[in-house]
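The values are calculated or read from the model by the stated rules, or taken from the named source; none is laboratory data. Here the structure is a predicted model, which means the values were calculated and not measured. When we count neighbours, we look across all protein chains shown, and the Cβ atoms used for this are built from the backbone with ideal geometry, even at glycine.
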Amino acid sequence: MKILLANPRGFCAGVNMAIQCLEECVRMFGDNIHVYHEIVHNKYVVERFTKLGVRFVDEVSDVPEGAILVYSAHGVSPAIRQQARDRKLQTIDATCPLVTKVHMEAIRYARQGYNIVLIGHEGHDEVVGTMGEAPESITLVDTPEDVEKLSFAPDAKLAYLTQTTLSVEEAGRLIAKLKERYPQIESPPKEDICYATTNRQHAVAQLTERADVVLVLGSQNSSNSQRLKEIAKSLGRPAYLIDGAGEIQEDWFTEDNNVLITAGASAPEVVVQEVVNYLKTTFNAELEEVVTREEHVTFPLPKELRQLQLSN
Ligand code: SF4
């Protein structure tokens, strides 16, 4: 067996920052930390912080008044920020700056009187947060049928935005369809699908042709991980999205298979290495890491946290 290990894979700059932020919060404030939703969509990461005493909540009302509340990497709507202010919570915003960029674009387009078509998955934390910035101005589309159903006037003042973790190819098809119906539609000044999503997808698209089976490390609720699995499947390979080696079934492979391993932006390297070791031990696999692009993006810790570090 041969393992093809995709690079780039796993943690992106936004996830790194959010996790470092929460680690620092735990170090500074102990176990009195609440996080609005999962800090990132990964089971391993959430379980690790839960063991350290961090509480993940779905409602701001579940956080005791005056406590510390961290916003996850996916961002939140203004309504959630207001609820946190009403409860006098000390908030630390670990929203990825690339998600904040989409929020800012939504606010700007709404102020300028545009109707915004947001391409994204209904109910995803990021989409809920972005839509909350201008609910009256944003219409969500997820499929070509949704685009067909849009009822704006042919000359309506329109702009589109996208979730950061979509399939580049699928989003491209929806954008083309939108432009066909509404040629005047404004594009965001800079691509909303983020560099990490794009790079991981390109790596999988490039390397899948050399593989018999594809393993994607990531959780089921991780949008960008799901897209990686879909890309491999669309190229005709069996692909499995797993949280760790414990979910592997031996009959997925044979001894002479090439197995491509990648990881979504929220999956830690430790689970990747667990799978690599499992395949090495069970199938005597050899390892080849293939770099398709270098990444050097980093984000600073949230401003509020840096100020607290200074005053501590
Ligand atoms: Fe930010 Fe992209 Fe990572 Fe999401 S996947 S946290 S948008 S860098």
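The table for this structure:
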item	result
Number of the condition not met by His103 [criteria: (1) within 16 Å of the ligand (Cβ to nearest atom); (2) assigned to a loop (DSSP other than H, G, I, E, B); (3) farther than 16 Å from Ala265 by Cα]	(2)
Which listed residue, of Thr130, Thr208, Thr164, Thr197, is touching a Lys or Arg at 6+ places or on another chain (Cβ under 6 Å), in contact (Cβ under 8 Å) with a residue 40 or more places away in the chain and of a type in the set (Val, Ile, Thr)	Thr208
Residue in the stretch 239-251 that is of a type in the set (D, E, K, R) and under 20 Å from Glu289 (Cβ atoms) present	no
Residue within the stretch 243-250 that is outside the structural domain of Thr165 (by TED's automatic domain parsing) and under 26 Å from Leu98 (Cβ atoms) present	yes
Matching option when the condition is buried (at least 19 other Cβ atoms within 10 Å of the Cβ), within 16 Å of the ligand (Cβ to nearest atom) and modelled with pLDDT of 95 or more, among Val70, Val117, Val141, Val60	Val70
Unmet requirement for Val35, which otherwise passes all of (1) under 18 Å from Glu304 (Cα atoms); (2) away from the ligand (no atom under 16 Å from the Cβ); (3) crowded, with 17+ Cβ neighbours inside 10 Å	(2)
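For every residue, the table says whether it meets (1) acidic (Asp, Glu); (2) without any contact (Cβ under 8 Å) to a residue 12 or more places away in the chain.
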{"site": "Glu230", "(1), (2)": "yes, no"}
{"site": "Gly244", "(1), (2)": "no, no"}
{"site": "Gln273", "(1), (2)": "no, yes"}
{"site": "Glu295", "(1), (2)": "yes, no"}
{"site": "Pro302", "(1), (2)": "no, no"}
{"site": "Leu308", "(1), (2)": "no, no"}
